[in-house]
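Report on one structure; see the data block that follows.
The values are calculated or read from the model by the stated rules, or taken from the named source; none is laboratory data. If you're wondering where the values come from, they're calculated on a predicted model, not measured in any experiment. Reconstructed Cβ throughout: ideal geometry from the backbone, glycine too, with neighbour counts over all protein chains shown.
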């Protein structure tokens with residue numbers, strides 16, 4: 001596309017299919033301790049095949 | 001829901017519900033802004049009017065751009081409807097009563113007397129106390145017993161100052177390691193320390209056993225020493241910086257954070273972040289102070305505006321330093337676009353009061369470290385488990401859709417509705433919001449994604 005560049009991202013709608021394993025880090029536990037951002041966490045679900053689509 | 005913004009020369013369009021990020025030129029930016037409100041013909045006429053001095057903006061070009069937008073919409077990457085509300089809360093319900101992380105308050109006492117300490121110099125508005133090994137061991141057993149099928153279990157040694165109870169920390173780690181295999185668990189330990197008592201034993205043990213080490217440093221010496229003083233009033237900077245440098249040098253690439261707090265004294269906190277980087281540290285975190293609005297340390301509305309500008313300065317400087325080969329990481333700008341959290345995590349939040357709890361030196365359970373000392377927020381204890389089910393249910397119901405103020409917010413799938421403790425301290429309710437915190441959070445996400453856009457542009461030459 002000439003005027004639009006789309007970055008590679010994980011599709012959140014598709015992530016509903018195999019998501020929710022609960023193995024990821026508790027949000028503020030081991031770093032900031034004062035906010036609840038979840039975007040900077042990594043997914044630990046080995047079965048989430050849609051992650052890098 | 002879309003969010004469009006311009007930052008550092010990039011026009012960015014976030015499609016909140018798919019998570020898609022688009023970097024667009026001015027014409028596409030304007031077309032996307034009008035797309036849902038105007039007809040194709042009207043958009044074409046408006047764009048021809050607006051860009052009448054540009055030879056590349058023809059009717060054909062504008063129609064081609066609209067076709068691209070429609071293709072992205074069709075592909076679920078633009079104007080994606082919000083269909084997640086019904087899922088909100090189901091993840092936590094599905095998780096049942098699983099607990100996977102504990103913050104162990106091994107020492108309710110501290111060897112520093114920092115005036116902004118939310119934990120009232122480690123005492124959490126109570127008596128000074130140390131956790132015994134027996135309590136720590138029971139906390140590990142409690143975590144294993146309540147962790148269901150979760151393999152990765154997190155334990156943070158917190159205080160006060162946990163190094164004031166270092167032998168017990170080592171005993172607790174030893175015990176957890178001795179049982180983790182038989183229960184199919186993997187413990188990840190974190191140590192949060194002010195650094196005063198770091199010695200070779202602490203360095204060796206931490207670098208072997210701690211997945212992460214959080215080291216408290218507020219940046220410039222004059223800023224750090226104005227607040228982080230001992231009980232004689234002496235600043236701690238000169239004592240701790242060499243220890244932190246030695247620990248990090250020996251860490252061999254394992255995770256750590258230099259973690260600072262900024263206050264009304266230094267809303268220009270980027271200078272403190274740059275100072276940490278100049279000291280040779282590369283994993284940096286700097287947080288707004290948590291305190292009552294009438295505290296002299298509290299950030300004022302004017303400070304909040306300054307801090308937002310500072311976040312932009314920080315992002316631009318990070319890109320510059322990265323190019324110069326002296327880059328560093330800022331915790332809030334770490335964003336994993338391709339392998340970040342799934343939608344369940346995005347809507348269900350930090351897990352405080354449900355899968356994450358804090359344990360006092362005497363074994364009481366609280367929803368997180370920031371609620372310790374608030375008697376009404378006691379959940380139970382590590383022997384009887386959670387006995388205040390109503391309170392746990394309140395926390396379970398906290399999610400990205402629990403607050404009406406968040407309904408139209410583009411950032412709700414990045415913050416999950418925000419920090420319950422911040423909300424409580426600002427509004428008196430965990431279902432409230434802390435508006436200045438929201439403003440800062442949104443600015444941080446905008447900056448983090450801009451950095452990704454810049455890195456992508458750089459990689460494509």
Please verify whether the stretch B:213-232 includes one or more residues that are farther than 30 Å from residue B:264 by Cα and either within 26 Å of the chain's Cα centre (by Cα) or not in a strand (DSSP E or B) (or both).
no
Would you mind stating whether residue B:317 is under 28 Å from residue B:243 (Cβ atoms), modelled with pLDDT of 95 or more and assigned to a helix (DSSP H, G or I)?
yes
Could you tell me whether any residue of the stretch B:86-94 is closer than 27 Å to residue B:351 by Cβ, in contact with a strand residue (DSSP E or B) (Cβ under 9 Å, 6 or more places away or on another chain) and within 12 Å of another protein chain (Cβ to nearest Cβ)?
no
Total residues in the stretch B:264-294, condition modelled with pLDDT of 90 or more and either touching a strand residue (DSSP E or B) at 6+ places or on another chain (Cβ under 7 Å) or not in a helix (DSSP H, G or I) (or both)
20
Top-ranked residue of the stretch B:234-269 - restricted to ones that are more than 24 Å from residue B:212 (Cβ to Cβ) and without any contact (Cβ under 8 Å) to a residue 60 or more places away in the chain, ranked as farthest from the chain's Cα centre (by Cα):
B:234
Within the stretch B:2-37, take every residue that is at positive phi and more than 12 Å from chain A (Cβ to nearest Cβ) and give me the one that is surrounded by the fewest Cβ atoms within 10 Å (Cβ to Cβ).
B:9
State whether one or more residues within the stretch B:97-110 are without any contact (Cβ under 8 Å) to a residue 40 or more places away in the chain and either farther than 30 Å from residue B:180 by Cβ or not in a strand (DSSP E or B) (or both).
no
Just to verify a result, which residue in the stretch B:95-116, among those that are within 12 Å of another protein chain (Cβ to nearest Cβ) and in contact with a helix residue (DSSP H, G or I) (Cβ under 9 Å, 6 or more places away or on another chain), is modelled with the lowest pLDDT?
B:95
In the stretch B:407-434, the residues that are more than 12 Å from chain A (Cβ to nearest Cβ) and either closer than 20 Å to residue B:2 by Cα or surrounded by 24 or more Cβ atoms within 10 Å (Cβ to Cβ) (or both):
B:407, B:408, B:409, B:410
Restricting attention to the stretch B:178-204, which residues are part of a helix (DSSP H, G or I), within 28 Å of the chain's Cα centre (by Cα) and under 24 Å from residue B:97 (Cα atoms)?
B:180
Condition first: within 9 Å of chain A (Cβ to nearest Cβ), surrounded by 24 or more Cβ atoms within 10 Å (Cβ to Cβ) and in a loop (DSSP other than H, G, I, E, B). Now tell me which residues in the stretch B:322-377 satisfy that.
B:340, B:341, B:342, B:349, B:350, B:351, B:355, B:368
In the stretch A:1-23, which residues are out of contact with any helix residue (DSSP H, G or I) (no Cβ under 6 Å at 6 or more places or on another chain), within 7 Å of chain B (Cβ to nearest Cβ) and not in a loop (DSSP other than H, G, I, E, B)?
A:5, A:6, A:13
Looking at A:31, A:39, A:48, which is the one that is more than 27 Å from residue B:191 (Cα to Cα) and either modelled with pLDDT under 80 or more than 7 Å from every other protein chain (Cβ to nearest Cβ) (or both)?
A:48
For residue B:48, are the conditions met, namely being surrounded by fewer than 22 Cβ atoms within 10 Å (Cβ to Cβ) and either free of Cβ contacts under 8 Å to residues at least 60 places away in the same chain or farther than 29 Å from residue B:454 by Cβ (or both)?
yes
Can you pull out every residue in the stretch B:151-186 that is more than 12 Å from every other protein chain (Cβ to nearest Cβ), in contact with a strand residue (DSSP E or B) (Cβ under 8 Å, 6 or more places away or on another chain), buried (at least 18 other Cβ atoms within 10 Å of the Cβ) and at pLDDT 95 or above?
B:161, B:162, B:163, B:164, B:165, B:168, B:169, B:172, B:173, B:176
Please determine whether any residue of the stretch B:152-161 is assigned to a loop (DSSP other than H, G, I, E, B) and in contact (Cβ under 8 Å) with a residue 24 or more places away in the chain.
yes
I'd like to know if the stretch B:300-313 contains one or more residues that are out of contact with any strand residue (DSSP E or B) (no Cβ under 9 Å at 6 or more places or on another chain), assigned to a helix (DSSP H, G or I) and more than 29 Å from residue B:427 (Cβ to Cβ).
yes
